[in-house]
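Just below is one structure, and these are the notes that go with it.
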Amino acid sequence: MIILHDEDTLLHETVELLGSKLIPAFESPSRIKAIVQSINHSGKHDLRTITASAADQTSAVELAKATHSTGYLSHIQHVFKQWLDEGLVEEHGSVLPECFRLHNTANSKLKPPKDTFARPGYYAFDMSSGISQHSWRAIIASANLAVQAAHLLLPTSPTSASATNGDETEAKSVLALCRPPGHHCSGQQAGGYCYINNIALAITTFRHFSPPAQKTRRTSNPHFSSTSRLKFAILDLDFHHGNGTQELFYGDPNVLYVSIHGEDEFPYYTGAASETGPPAPDPAHGTNLNLPLATGSSFDEYLRKLHVALQAVRDFKADYLLVSLGFDTFHLDPLGKFDIRTENYKVMGWQVRSALRDIPGVIALEGGYVVDRLGENLLNFLEGWEIAEKRLDCVGLSDGQATSTA
Ligand code: Q9C
Ligand code: ZN
């Protein structure tokens, strides 16, 4: 598997509230360090450590404007320095919101507060989205990993792994070690450790850079090229509902969003099975599928939901698959409540890829907070995925047991 990593993703370090105490955030640089170490140690994957150039950074911000407001992006970029200059935060501290948007009858058109101290509350929905000195560099590095992952799967991209093979791409899947994660974030509110929606950015990249022939492959109209007809399926396997991703594509008939997540868990206000897209006859009706799963569920129960999810993704016949991959479904995770074990991730990876074998796929890292088990959980997922992708035989993977390897 091609795995993309950028050391700048380690620069973001913030705090969050646990009960009434401020603690270092569970979403920490050590997560990526542990994963990279495990990948290196395994010797199994094509780990590519990249650095976003100035042009890459500018391009990532421009692409992010398809899904995030300019004011929001500018706020995320500059707020730390503004707080520092006004003496509101120390050099090694974190910017956190105080007062969130307050919906009221008298004034439905809210705008960002003039007060520097108050502004973070306008651009966030929770207290798990602090901003530290170098957060912006990490946020952009993370976003760029998603952009570059998409580029590797584009048919005629000069940087594509397929460049020597004509139009057919050789790389079938790319994993982006994104940090901070993205799936809780939509247009202009950070939250749940997320600032830019990395998966959405990968979709924007596919739409922006796909050759016209592919963009219009479902129409004979030669003038049709302004809007992409490409279809995308997002499979969100993080423990939490990806409210940001759902929000961004809720009205989009060409993007299917499917999520398995803890029922009645963070972010609490979204993720119900009744959220199926705009009402019929809107063409986007039915392009959102939430599969909430009771906390405490076993892997068998999880697999039943996964089969429903995979059937929906197959039926959608997407051009690209995007996987929001979180390991907070792990039984020991401090923020997750499923009973899923390390060996189960191999089955999970195999199940997903054997059901969706030939679709080019970007996998982006989301959550997962048991730092010393993250590496082995990820390696198991990738092993199952690659067994399926290479059509190797493997006993036990189809019935949920992963008892032997190929
Ligand atoms: N202060 C992801 O897994 N709540 N985000 C933390 C402790 C936020 C999870 C509660 C959980 C966010 C990407
Ligand atoms: Zn999560």
Subject >> Unmet criterion (only one of (1) without any contact (Cβ under 8 Å) to a residue 40 or more places away in the chain; (2) open to solvent by 10 Å² or more (accessible area, probe 1.4 Å); (3) in contact with a strand residue (DSSP E or B) (Cβ under 9 Å, 6 or more places away or on another chain)) for Ala280 >> reply: (3)
Original post:
So which residues in segment 1-41 are open to solvent by 30 Å² or more (accessible area, probe 1.4 Å), touching a residue at least 12 places away in the same chain (Cβ under 8 Å) and within 16 Å of ligand 2 (Cβ to nearest atom), if there are any at all?
Top reply: Phe26
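Could you pull out the residue among Ile39, Ile35 that is away from ligand 1 (no atom under 16 Å from the Cβ) and touching a Leu at 6+ places or on another chain (Cβ under 7 Å)? Show your work before the answer.
Numbers: Ile35 fails: away from ligand 1 (no atom under 16 Å from the Cβ).
On inspection, the qualifying residue turns out to be Ile39.
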Original post:
What are the pairs, 6+ residues apart or on separate chains, where a residue within segment 227-253 that is in contact (Cβ under 8 Å) with a residue 40 or more places away in the chain and open to solvent by 30 Å² or more (accessible area, probe 1.4 Å) has its Cβ under 6 Å from a residue that is β-branched (Val, Ile, Thr) and in a loop (DSSP other than H, G, I, E, B)?
Top reply: Leu248/Thr67
Original post:
Among the residues of segment 306-330 satisfying the criterion of being open to solvent by 60 Å² or more (accessible area, probe 1.4 Å) and in contact with a Leu (Cβ under 7 Å, 6 or more places away or on another chain), which is farthest from Val255 (Cα to Cα)?
Top reply: Val308
Subject >> Those residues of segment 323-361 which are within 11 Å of ligand 2 (Cβ to nearest atom) and within 29 Å of Leu152 (Cα to Cα), in sequence order >> reply: Ser324, Leu325, Gly326, Phe327, Asp328, Thr329
**OP:** Report, ordered by the first and then the second residue, all pairs with beta carbons closer than 7 Å, sequence separation of six or more or different chains, a first member in segment 303-317 that is outside any helix (DSSP H, G or I), and a second member that is not aliphatic (A, V, I, L, M).
**Re:** Lys317/Lys231
**OP:** Out of Ala280, Ala273, Ala318, report the one residue that is more than 15 Å from ligand 2 (Cβ to nearest atom), within 29 Å of Ser129 (Cβ to Cβ) and at pLDDT 95 or above.
**Re:** Ala273
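For a quick check of your reading: which helices (runs of 4 or more DSSP H) sit entirely within segment 47-147 and have at least 3 residues that are closer than 25 Å to Ile363 by Cβ? Before you say what the answer is, go through the steps one by one.
On the way: elements: 54-64, 70-85, 119-122.
Counting at least 3 such residues, we get 54-64.
The values are calculated or read from the model by the stated rules, or taken from the named source; none is laboratory data. Everything quoted here is computed from the prediction, not taken from an experiment. For neighbour counting, all protein chains shown are included, and Cβ atoms are generated from backbone atoms with ideal geometry for every residue, glycine included. What goes into the accessible areas is simple: the full protein's heavy atoms, side chains included, and nothing from ligands, DNA or RNA. Shrake-Rupley method; radii C 1.70, N 1.55, O 1.52, S 1.80 Å.
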